[in-house]
Amino acid sequence: MKTVFVTPELCIGCRHCEVACVIEHAKSKQLFAAVAEEKRSQPRVYVETGMHYLTFPNRCRHCDPAPCMQVCPTEALVRDDATASVLVRYERCIGCAVCAMACPFGIIRFNSVHQLDTDREVNAKCDNCIERQRAGAIPACAEACKTGALTFGEAGDLIRSSRKDFTLRLIAAQETGAEAPKMPANIKAFRSIMARLAELTGEN
């Protein structure tokens, strides 16, 4: 199964992923036109801020089993067999928000979508850019990410790569007696600046 893998320590909070997501799910699929659309597209990945301005791109994990699917009373949530993505059948969604209460990651939002003729707000969560995947492209958020915080590929391969990277850093740390840095120097410097700003402004 292919998925978007999140490496939070590489996120700098630029929100390029959010902008790309908005454009991808807009009717026009164009930045300036999307802003003027009657049913304005909203991001389905959320860059959230923690302590000292540390950021994390939060998105649907397309769980298996998926709690949102299990509790939906109208079967509005279904799994795509080819990509294992959890998709929303907007016409079936009644906006009861039971799925949002069941989601352990807090990523389900309700908005109007251009696929419906009414202004009714429905579950408008991440669909793993299913149309892009069917066309042979990768999800918009991963394509837009400039730091590698979001990468797309086979889940097993991405996990093995992350595990190998951790192992190499651990070995390097044991040999030198110091922790081998994982963050690129520019990202580490950026986070140091933001942490210092947090101290100066009294924010935690």
Six or more apart or on different chains, Cβ under 8 Å: which pairs go from a residue in region 30-44 that's over 22 Å from ASN123 (Cα atoms) to one that's modelled with pLDDT of 95 or more and in a helix (DSSP H, G or I)? Could you list them?
-> GLN30/ILE23; LEU31/VAL19; LEU31/ILE23
Give the residues of region 85-100 that are in a loop (DSSP other than H, G, I, E, B) and within 13 Å of VAL113 (Cα to Cα), sorted by residue number.
-> ARG89, CYS93, GLY95
Count - residues of region 53-68 that are crowded, with 16+ Cβ neighbours inside 10 Å and charged (D, E, K, R) | 2
Top-ranked residue in region 31-59 [being farther than 24 Å from ASP119 by Cα and in a loop (DSSP other than H, G, I, E, B); ranked as modelled with the lowest pLDDT] = GLY50
Say whether the condition of being modelled with pLDDT of 95 or more, of a type in the set (A, V, I, L, M, F, W, C) and exposed (fewer than 15 other Cβ atoms within 10 Å of the Cβ) is met by at least one residue in region 88-95.
-> yes
Specify which of the listed residues (GLY136, GLY95, GLY106) is more than 19 Å from GLN42 (Cα to Cα) and small (Gly, Ala, Ser).
-> GLY136
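The values are calculated or read from the model by the stated rules, or taken from the named source; none is laboratory data. Predicted, not measured: the structure shown is a model, and the values here were computed from it. Methodologically, a virtual Cβ is constructed for each residue, glycine included, from the backbone with ideal geometry; neighbour enumeration extends over all protein chains shown.
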